[in-house]
1. Please return the ranges of helices (runs of 4 or more DSSP H) entirely within region A:128-245 where 1 or more residues are of a type in the set (Val, Ile, Thr), more than 14 Å from every other protein chain (Cβ to nearest Cβ) and within 16 Å of DNA strand C (Cβ to nearest atom).
2. Which residue out of B:217, B:172, B:225, B:180 is within 14 Å of DNA strand D (Cβ to nearest atom), surrounded by 15 or more Cβ atoms within 10 Å (Cβ to Cβ), touching a residue at least 12 places away in the same chain (Cβ under 8 Å) and not assigned by TED's automatic domain parsing to the domain that holds residue B:105?
3. When the residues of region B:53-63 are narrowed to those that are under 21 Å from the mean Cα position of the chain (by Cα) and facing chain A (nearest Cβ under 7 Å), which ends up surrounded by the most Cβ atoms within 10 Å (Cβ to Cβ)?
4. What residue, of B:66, B:35, B:70, is within 23 Å of the chain's Cα centre (by Cα), more than 10 Å from every other protein chain (Cβ to nearest Cβ), charged (D, E, K, R) and over 21 Å from residue B:158 (Cβ atoms)?
5. Do you know which residues across region A:80-109 are more than 7 Å from chain B (Cβ to nearest Cβ) and among the charged types (D, E, K, R)?
6. What number goes with the only condition from (1) over 13 Å from the mean Cα position of the chain (by Cα); (2) modelled with pLDDT of 95 or more that residue A:152 does not pass?
7. Looking only at region B:35-47, count how many residues are more than 11 Å from residue B:137 (Cα to Cα) and not β-branched (Val, Ile, Thr).
2 protein chains.
Amino acid sequence: MTDDEDTWTPPEILVAVDLVILTLRASVFHVLLIERGIEPFKGAQALPGGFLNNAEEDIYAAALRELREEADLDGTDLHIEQLGAYGTPGRDPRGRVLSIAYLAIAPGLPDPVAGTDASGAAWVPVERALSGDVQLAFDHWKILDDAVERARSKLEHTPLATAFCGTTFTIADLQEVYEAVWGVDLDPRNFYRKVQRVPGFIESAGADRRMTTGRPARLFRAGPAATLHPPLTRPDPSNDSEEGR
Amino acid sequence: MTDDEDTWTPPEILVAVDLVILTLRASVFHVLLIERGIEPFKGAQALPGGFLNNAEEDIYAAALRELREEADLDGTDLHIEQLGAYGTPGRDPRGRVLSIAYLAIAPGLPDPVAGTDASGAAWVPVERALSGDVQLAFDHWKILDDAVERARSKLEHTPLATAFCGTTFTIADLQEVYEAVWGVDLDPRNFYRKVQRVPGFIESAGADRRMTTGRPARLFRAGPAATLHPPLTRPDPSNDSEEGR
DNA sequence: TGAATAGTGTCTCTCAGACAGTATACG
DNA sequence: CGTATACTGTCTGAGAGACACTATTCA
């Protein structure tokens with residue numbers, strides 16, 4: 001905006017939207033990946049996403065549209081937040097593409113995605129997707145890594161864990177979310193008290209119960225709190241090299 | 001990416017970079033704002049920023065360039081991180097502009113910015129900038145608000161506060177940062193112990209001292225830690241309506 | 001009845017906040 | 001000497017983690 005005021009015009013750039021859709025399936029933390037059918041990165045796995053439809057489309061609306069087209073999910077039910085912009089030149093071999101990444105959290109979906117627009121959509125365990133065994137297209141490994149860290153961190157200070165559950169859930173369900181996303185084991189009894197003590201985190205959903213062997217559990221729904229006071233802190237990973245005392 | 005595979009081409013969009021530069025001046029939390037000299041929003045205050053130079057420029061590099069051009073700051077010394085993308089259609093009355101916002105933290109700069117590219121650059125207290133008394137251009141109020149909340153939050157879990165100080169600082173300096181950014185008063189004695197206990201937060205910078213009235217203070221520099229364990233938590237704002245006991 | 005899961009009580013250790021008290025500079 | 005700032009010690013109450021114990025269901 002300094003030199004060449006008369007002749008210079010700002011460049012126009014291709015803008016895309018990428019989605020990191022996280023969920024819990026059978027108590028395991030999963031992400032939705034799609035096998036690319038065309039070059040570049042043909043045959044590799046990629047996050048669902050695509051370009052803006054037109055120069056007037058809102059980026060958030062584009063994220064909702066891709067969610068519908070590629071995962072057959074209704075974004076109005078889900079937690080969605082923006083992760084950030086990934087715009088390093090060269091990240092797409094076809095040319096300059098600026099991608100806005102979104103993080104979506106879905107309640108456990110029992111069946112693999114089928115009949116969707118993209119062929120080869122599949123839920124992949126996050127641990128496997130980040131392990132290096134899976135070939136990820138573009139800079140999608142970095143985007144996924146950022147998304148997972150964002151989710152892990154937000155579990156501590158926000159009620160994000162409830163977004164992994166349905167409208168009602170038990171405290172054991174909530175604990176499964178924390179254990180799967182953080183990759184740790186938690187004491188059910190301490191977890192129980194801790195969660196109950198945070199004002200506005202969860203509230204009772206009637207005297208309802210639930211089928212299982214053992215004593216029925218109370219059902220809860222997400223409460224009005226936007227942040228957790230006190231927070232639920234992750235166990236310190238510095239206690240790794242522990243001895244049997 | 002679904003219909004009109006043969007005829008449709010993705011739209012190209014103008015991409016800009018906006019900077020939220022935060023610092024401490026005389027123990028008060030400030031942000032750098034620039035008075036706009038041209039329409040739209042002529043006469044209003046705006047965050048420094050501008051369009052990408054060309055279609056190959058990296059967005060992070062563009063942020064560094066704007067930092068140099070508009071604030072005469074060298075980004076290699078500063079903490080810089082991406083805040084997010086702001087792309088609502090209509091945010092710029094001239095047309096569709098997607099803006100990538102960056103957060104920069106600078107050590108206290110004693111003098112107002114002068115001799116810079118943009119006329120009317122000024123440090124404005126954050127509280128005043130967000131109060132509504134200052135007319136902010138575009139959606140810059142929202143960007144600033146997000147940036148301030150990001151900074152406040154990161155003070156808890158990362159050594160970000162050291163980015164507000166020079167290479168060496170006293171613990172009292174660090175406390176001023178926390179007090180100014182959070183807008184609270186802290187007990188110096190508890191703060192002292194708390195900060196010292198976090199491994200890797202700060203480390204002694206020799207037996208150096210410092211001029212002031214009263215006992216000289218030890219100097220420290222930023223330590224190697226990327227996150228603070230345990231964190232420094234903000235006082236609970238729910239203790240507002242307190243009585244005199 | 002036993003197995004399985006849900007939920008409670010209680011102990012101990014650590015940490016946060018309050019604040020008395022000591023140390024070292026300047027005038 | 002007093003004053004101002006830097007730093008240390010100690011008390012108390014709240015929360016984290018460990019774990020014994022009670023409650024309620026199904027087979």
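The values are calculated or read from the model by the stated rules, or taken from the named source; none is laboratory data. Everything quoted here is computed from the prediction, not taken from an experiment. With ideal geometry, Cβ positions are generated from the backbone for all residues, glycine too; neighbour counts draw on all protein chains shown.
1. A:171-182, A:188-197
2. None of the other options fit; the residue is B:217.
3. Checking each candidate, the answer is B:59.
4. B:35
5. A:81, A:91, A:92, A:94 - these are the residues of region A:80-109 that are more than 7 Å from chain B (Cβ to nearest Cβ) and among the charged types (D, E, K, R).
6. (1)
7. Residues that pass the stated criteria total 1.
Residue-wise test of (1) of a type outside the set (Ser, Thr, Tyr); (2) under 29 Å from residue A:160 (Cβ atoms); (3) out of contact with any Leu (no Cβ under 6 Å at 6 or more places or on another chain).
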| residue | (1), (2), (3) |
| --- | --- |
| A:7 | no, no, yes |
| A:10 | yes, no, no |
| A:15 | yes, yes, no |
| A:21 | yes, yes, no |
| A:28 | yes, yes, yes |
| A:31 | yes, yes, no |
| A:50 | yes, yes, yes |
